1. Residues of the stretch 432-444 being touching a residue at least 12 places away in the same chain (Cβ under 8 Å) and either surrounded by fewer than 19 Cβ atoms within 10 Å (Cβ to Cβ) or not in a strand (DSSP E or B) (or both), which ones?
2. Output the residue which, of all residues in the stretch 420-431 that are within 21 Å of the chain's Cα centre (by Cα) and over 21 Å from residue 216 (Cβ atoms), is surrounded by the most Cβ atoms within 10 Å (Cβ to Cβ).
3. Among the numbered conditions (1) under 30 Å from residue 112 (Cα atoms); (2) surrounded by fewer than 23 Cβ atoms within 10 Å (Cβ to Cβ), tell me where residue 381 comes up short.
4. Can you tell me which residue in the stretch 156-179 is modelled with the lowest pLDDT, limited to those that are assigned to a loop (DSSP other than H, G, I, E, B) and surrounded by fewer than 14 Cβ atoms within 10 Å (Cβ to Cβ)?
5. Considering only residues that are in a strand (DSSP E or B) and either β-branched (Val, Ile, Thr) or surrounded by fewer than 24 Cβ atoms within 10 Å (Cβ to Cβ) (or both), which ones fall in the stretch 97-112?
6. For residues that are in a strand (DSSP E or B) and either free of Cβ contacts under 8 Å to residues at least 24 places away in the same chain or closer than 18 Å to residue 197 by Cα (or both), tally how many sit in the stretch 222-246.
7. Which one of these is surrounded by 19 or more Cβ atoms within 10 Å (Cβ to Cβ) and at positive phi: 260, 206?
8. For the stretch 288-327, which residues satisfy the criterion of being of a type in the set (Val, Ile, Thr), under 30 Å from residue 96 (Cβ atoms) and surrounded by fewer than 17 Cβ atoms within 10 Å (Cβ to Cβ)?
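The values are calculated or read from the model by the stated rules, or taken from the named source; none is laboratory data. What you see is a predicted model; the values in this text were computed from it and never measured. In this analysis, Cβ positions are derived from the backbone assuming ideal geometry, glycine residues included, and neighbour counts consider all displayed protein chains. Note: areas computed on protein heavy atoms with side chains; ligands, DNA, RNA excluded. Shrake-Rupley method; radii C 1.70, N 1.55, O 1.52, S 1.80 Å.
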Amino acid sequence: MRTVIRSGFLAVAALLLALLSPLPATASAQAPSATPAFQLPVPCGEVWTTSTHSGHANQYMLDMVPTSGATLGKPALASAAGRVTVSQYSSSAGNFVVIDHGGGWQTRYLHLDRLDVSVGTDVERGRQIGTVGNTGASEGAHLHYEQKLNGSVVQATIDGHAVPVNWSYGEHFETSRNCGDPVPGGGDLFALSPDRSGVFQYSGQGVAWVKVGGAAGELVAGGAGLFATNPSTGDLFRFSGTPDKWVKVGGPAAQFVVAGDGLFGLSPDRSAVFRWSGSGTSWVKVGGAAGKLYGGGAGLFATNPSTGDLFKFSGTPDKWSKVGGPAAQFAVTGNHLYGLSPDKSAVFQWSGSGTSWVKVGGAAGELVAGGAGLFATNPSTGDLFKFSGTPDKWVKVGGPAAQFAVSGSHLYGLSPDRSAVFQWSGSGIAWNKVGGPAHSLAGR
């Protein structure tokens, strides 16, 4: 960004409540030879069976399922304290989390149904990091768990003992001692209070919400975390994961967007695109002028401010490739890019190559996308429909809303009068109330 935005990104200002304290220290001070006190990454007292199989790259990689109850949706917990270094989706690992415990130790949790933590979050042992799922290259709901030392998978140690290698479920059992006071993980849905005086995080249970910050202008969320703009200055701050602890990461911008694990900003005069370095208030220029940014698991995209043509960021500064022409709106899911034709008469899906697109739906008013898939509103009624994955096959999932938001694998809606927040049940048009009035929603 030119001088005006650079000074904005580096300027000193307050956010939300007051000058914010630094993030708490992690376990990085631990001696390299010390093995963290790992516990089973599931709730206290539960019994799970562990196994490996020939398809694993390493025999010490564990697959786990409970001995009773449903597997899908079970809480996945941090097996030791540390800092989240990865929280994202991949075609093989599905939704997965990596925690750095210091001293060269890491743990990995794969195929999660939902991600409940973001990169940079400091977690205590027992913190819920997600829910057990069947995402990615998985043939059934289970928790894939690994312990790594200096980059190599090692035989897992649980509650002070080594977990034996077994080649099928039912041969070995572990009882979780991941006990103590519950450490709520919180959900991936955030809301601004009606008067924008507070930021709230959904607990993931019932209608319970936790206030995590003060006044904010706008919320931006995704794999890189939760961010909020200062309502007075426009400066951007990142939520540390601890209520009322936010850290300044930059100055004002015309737009902020999260793509994958990256945070990007469009300078106030829209003359350049910048990527946050991930540290302090340092940003790197990655592109020139843009009209609007779109981001998600499938990457970062920007429109040409003159023509409306869409370009994809390669990951290398100033290297962008054209992927399509103008549209009324674009939307990005974990794996795909969609566009709504300029006259809003049809929905198209990018083929993933060149500028080739395939028509997948008819007229739409608005597109909503994320880990839960692609949704579109009926331009006449406002009713919401979900794309099945097959061209022209859409299923109605609900009525109109003031706003829809996708959080992880879940879909939420803010009632037309903004008096309540609802979560789609995942089936038919059934929705459950999960909160009261809100100004706006943001899901990551």
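1. Hits for the stretch 432-444 are 433, 436, 437, 438, 439, 440, 444.
2. Result: 424.
3. Single failed check for residue 381: (1).
4. Of everything passing the filter in the stretch 156-179, 179 is modelled with the lowest pLDDT.
5. 97, 98, 99, 100, 102, 105, 106, 107, 108
6. Count: 9.
7. Result: 260 is the single residue among 260, 206 that is surrounded by 19 or more Cβ atoms within 10 Å (Cβ to Cβ) and at positive phi.
8. The answer is 316, and nothing else.
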